[in-house]
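Report on one structure; see the data block that follows.
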Amino acid sequence: MNLFFHLGRYFILIKRVFSKPEKLSVYFKQIIHEIDNIGISSLPIIAIISFFMGGVITIQSAFGFTSPLVPLYAVGFTARESMLLEFSPTIVCLILAGKIGSNIASEIGSMRITEQIDALEIMGINSAGYLILPKIAAGVFIMPFLIAISMFLGILGGYVMGIATGACSSYEYIYGIQAFFEPWKLYYSFTKVLTFAFLITSISSYFGYYTHGGALEVGKSSTAAVVYSSILILIFNFLLTQLFLT
Amino acid sequence: MIEIKNISKSFGATKVIDDVSYVFEQGKTNLIIGESGSGKTTIMKLMVGLHSVDSGEVLYDGLNFPTLGVKEKQEVRKKIGMLFQGGALFDSQTLEENVRFPLDMFTTMSKEEKLERVNFCLEKVQLTNKNNLYPGELSGGMKKRAALARAIANSPQYLFCDEPNSGLDPKTSIVIDNLIQSLTKEFNITTIVITHDMNSVVEIGEKILYIYKGKHWWTGNSKEILKTTNPELVDFVFASGFMKEVFNVVKK
């Protein structure tokens, strides 16, 4: 019953979020602000993690491919496939669920407990639309760019560390990252990213919006936002993979 | 004018507001007073629609607010200004942005006109040239005044103030009280102030509604309240030693 209560309340909130904005120009400014808040500020952590994970995947692949039957360009191929199909779209989104999710839930939760949301409502503003729509729009817009950067830096990290550690040669790695490339896999990856971006921003906003109590409850909402966003990312990752790859 | 007619509200099995009726007059400072937990804030939240009434009517110049549709409610709410107990200023915005916010959302004013209006409101609450400060940089009294400036920015017809003096020193409290009263008179607003500050009651209480255990218990004005014989109200009004002294003076 609790699950159905939350599901029902979530969809009612989403309906309010997508109702007609009071003033588009104000919402547009908010979206720009959120793009900076959600997207640009996440860039350094994404860049560092992606670069090093790309490197580690390359070294581990080279370490594992000991059979002479496996060509060394498979290292580059493995790094590319791992980054494009799973690491960047899913693992990076899980990391973003932690960073962005807690940020959104605590921001909206704090506004709730300090009556800022009540103030918006009393002014005649659809508080759900004003607070949440720009976050969802910004997340869905900016996260594909973040993930594209993550993919690029991951593959670059694999190249740099592969060469530096002698795991593979430059030629083999570059040949590997081009081998058997199927562009539709990018469509699969970015469909996942758009879905996860929506899930992270909307679920975190939901938990923040329905915070009751004080600072302790804001913390709980923040934790719940990260936990449920992560679980739903994993479930939808499975569903989308099943849908696209079978 | 706002009229509440026989409003009731329960939370679970607890009846918080029980059949309260009252008329809040335009151009007057209407006070709702009562002990903590008596239901003052709940009445205000029922009036502005933050809680729904179980029964009864809330009439804004004849319009029954609880029965209105979403759009109609929004139209009424655009005429409401509210001063929250904690100010409820938007933390991420400067004072100017906070006061300008209702103008950005609901008016077609030019940038210059908005700035002029913001400066006018800030001047009214004695916060001239503080436009670029953030709420975190303001004192308690300044926050209340800034929130009052935001509440009056869009020229409201109805002004609600939830415990405007809580946490303020007596001198700053008087400043806030005087501001509320002067704004009410100047703009002919229907003002509703929720308070349990007896100084405010004596200073600005033109019409007073005393709520006791969620019930309409007594009505009158600031002069009548000092002469009341209602036992619950006497207990409330003359609870402090200072007010007992006042009571003795009044009796003489």
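The values are calculated or read from the model by the stated rules, or taken from the named source; none is laboratory data. Just so it is clear, the structure is predicted and the values come from calculations on it, not from any experiment. Here the Cβ positions follow ideal geometry from the backbone for every residue, glycine too, while neighbour counts run over all protein chains shown.
Below is a table of values for the structure above.
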read-out: Criterion violated by B:Phe84 - all others in (1) touching a residue at least 60 places away in the same chain (Cβ under 8 Å); (2) on the phi > 0 side of the Ramachandran plot; (3) facing another protein chain (nearest Cβ under 8 Å) satisfied; value: (2)
read-out: Index of the failed condition, B:Asn98 passing every other in (1) crowded, with 17+ Cβ neighbours inside 10 Å; (2) in contact with a strand residue (DSSP E or B) (Cβ under 9 Å, 6 or more places away or on another chain); (3) polar (S, T, N, Q); value: (2)
read-out: Only listed residue being at pLDDT 95 or above and within 14 Å of the chain's Cα centre (by Cα), chosen from A:Leu13, A:Leu94; value: A:Leu94
read-out: Residue ranges of helices (runs of 4 or more DSSP H) in region B:146-252 with at least 3 members more than 13 Å from the chain's Cα centre (by Cα) and at pLDDT 90 or above; value: none
read-out: Qualifying strands (runs of 3 or more DSSP E) (wholly inside region B:11-123; at least 3 residues being under 16 Å from A:Gly124 (Cα atoms) and not acidic (Asp, Glu)); value: B:80-83
read-out: Residue check, A:Ile45 over 30 Å from A:Ile104 (Cα atoms), within 22 Å of the chain's Cα centre (by Cα) and in a helix (DSSP H, G or I); value: no
read-out: Residue match in region A:91-101 (condition: within 14 Å of chain B (Cβ to nearest Cβ), in a helix (DSSP H, G or I) and of a type in the set (Val, Ile, Thr)); value: no
read-out: Any pair with Cβ under 8 angstrom, 6 or more apart, that starts in region A:20-48 at a residue that is within 10 Å of A:Ile142 (Cβ to Cβ) and in contact (Cβ under 8 Å) with a residue 12 or more places away in the chain and ends at one that is basic (Lys, Arg) and assigned to a helix (DSSP H, G or I); value: A:Glu34/A:Lys135; A:Ile38/A:Lys135; A:Ser42/A:Lys99
read-out: Criterion: farther than 17 Å from B:Gly87 by Cβ, touching a Pro at 6+ places or on another chain (Cβ under 9 Å) and surrounded by 19 or more Cβ atoms within 10 Å (Cβ to Cβ) - qualifying residue of B:Ile204, B:Ile189, B:Ile211, B:Ile194; value: B:Ile189
read-out: Pairs with Cβ under 6 Å, 6+ apart, first in region B:219-238 and within 21 Å of B:Val20 (Cβ to Cβ), second among the aromatic types (Phe, Trp, Tyr) and surrounded by 17 or more Cβ atoms within 10 Å (Cβ to Cβ); value: B:Asn230/B:Trp218; B:Glu232/B:Tyr212; B:Leu233/B:Tyr210; B:Leu233/B:Trp218
read-out: Number of positions in region A:1-16 that are under 17 Å from A:Ile104 (Cβ atoms) and within 14 Å of chain B (Cβ to nearest Cβ); value: 1
read-out: Top-ranked residue of region A:106-158 - restricted to ones that are surrounded by fewer than 20 Cβ atoms within 10 Å (Cβ to Cβ) and of a type in the set (Phe, Trp, Tyr), ranked as farthest from B:Asp162 (Cα to Cα); value: A:Phe152
